[in-house]
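Q: Dropping a structure here in structure tokens format, bear with me for questions.
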Amino acid sequence: MDLPDYKDSIDVDGTTVTIRIMQPADHDIERRFVRELSPTSRYNRFHSALKELTPSMLERFTHVNYPDDMALIATIREETGECEIGVARYARYPGTDRAEIAVVVADAWQGKGIGARLLLDLRTLATEAGIRHLEASVLPGNTRMLELARALGFSIRPEQAAAGQALDLGKDIDSS
């Protein structure tokens, strides 16, 4: 299956934000993006005290293997060039129509609708790739992500919420 030709732009507080597919050439902006996330945002995304992407992670994250995985990034233009401010990705569980998703937005851009837009666009591309169910693992303290997931119709297994562990969220794509 050929990689879709996807690119769009939205206005966020007077700034043009471009949403597009991650490319191998995004190696440097992806590294910088993760490095500049706050420790809390990195912990919420990676569930560890990761400070920087390893070379193998950087390689995997910037080389999309569609239809089995996809990454959309949100970028803005700065004086020094393009700057990544958000990313959402899915990775299909081998041999299934299910995929795990993850999203993270730069701290200064959180709460402005970028994460929601990335996830909605990612859902569209996942559907085109034959994925029918999305899942995410979210830490209980990541209240912004939990609120976003609920707003997008993801369900949370209640027994996990009571245990205080990472929450598994799920959503069938066919349902809105």
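The values are calculated or read from the model by the stated rules, or taken from the named source; none is laboratory data. This one's a predicted model, so the numbers in the text were calculated from it and none came from an experiment. For neighbour counting, all protein chains shown are included, and Cβ atoms are generated from backbone atoms with ideal geometry for every residue, glycine included.
Q: Count, please, the residues in the stretch 1-36 that happen to be over 22 Å from LEU120 (Cβ atoms) and surrounded by 11 or more Cβ atoms within 10 Å (Cβ to Cβ).
A: So the answer is 8.
Q: A further question follows. Tell me, which residue of the stretch 112-155 that is outside any helix (DSSP H, G or I) and surrounded by 17 or more Cβ atoms within 10 Å (Cβ to Cβ) is modelled with the lowest pLDDT? Lay out the reasoning, then the answer.
A: Pass one, the stretch 112-155, residues outside any helix (DSSP H, G or I): 112-113, 129-142, 152-155.
Next, only the ones that are surrounded by 17 or more Cβ atoms within 10 Å (Cβ to Cβ) stay: 112, 129, 131, 134, 136, 138, 142, 154.
Numbers: LYS112: 97, ALA129: 96, ILE131: 96, LEU134: 92, ALA136: 88, VAL138: 87, ASN142: 90, PHE154: 84.
Only one residue tops the list, namely PHE154.
Q: Are any residues in the stretch 1-17 under 20 Å from ASP69 (Cα atoms) and out of contact with any Leu (no Cβ under 8 Å at 6 or more places or on another chain), and if so, which ones?
A: Of the residues in the stretch 1-17, the ones under 20 Å from ASP69 (Cα atoms) are 1-8.
Selection gives MET1, ASP2, LEU3, ASP5, LYS7, ASP8.
Q: Next question, about the same structure. If ALA88 meets every condition in (1) within 8 Å of the chain's Cα centre (by Cα); (2) in a helix (DSSP H, G or I) apart from one, which number is that one?
A: (2)
Q: Looking at this structure, is GLU84 modelled with pLDDT of 95 or more and acidic (Asp, Glu)? Explain how you work it out, then say what you get.
A: Details: modelled with pLDDT of 95 or more: yes; acidic (Asp, Glu): yes.
Yes.
Q: Tell me yes or no: at least one residue of the stretch 65-82 is farther than 22 Å from LEU120 by Cβ, under 15 Å from the mean Cα position of the chain (by Cα) and buried (at least 18 other Cβ atoms within 10 Å of the Cβ).
A: no
Q: Would you tally the residues in the stretch 10-28 being within 18 Å of ALA88 (Cβ to Cβ) and among the polar types (S, T, N, Q)?
A: Residues meeting the conditions: 2.
Q: Enumerate the pairs (first residue in the stretch 94-112 and aromatic (Phe, Trp, Tyr); second residue anywhere and part of a strand (DSSP E or B)) with beta-carbon separation below 7 Å, excluding pairs fewer than 6 apart on the same chain, so at least 6 apart or on different chains.
A: Once the first residue is aromatic (Phe, Trp, Tyr) and sits in the stretch 94-112, its partners that are part of a strand (DSSP E or B) give TRP109/ILE85; TRP109/GLY86.
Q: Only residues in the stretch 1-16 that are closer than 17 Å to GLY113 by Cα count as the first member; pair them with residues that are part of a loop (DSSP other than H, G, I, E, B), Cβ under 9 angstrom, at least 6 apart or cross-chain, and list the lot.
A: Hits for this filter: ILE10/GLY113; VAL12/LYS112; VAL12/GLY113; ASP13/LYS112.
Q: Within the stretch 30-62, how many residues are more than 24 Å from ARG20 (Cα to Cα) and either in a helix (DSSP H, G or I) or among the aliphatic types (A, V, I, L, M) (or both)? Full working, then the answer.
A: Initially, the stretch 30-62 is screened for residues more than 24 Å from ARG20 (Cα to Cα), giving 39-40, 43, 47-51.
Filter once more, keeping what is either in a helix (DSSP H, G or I) or among the aliphatic types (A, V, I, L, M) (or both): 39-40, 43, 49-50.
Number satisfying all stated conditions: 5.
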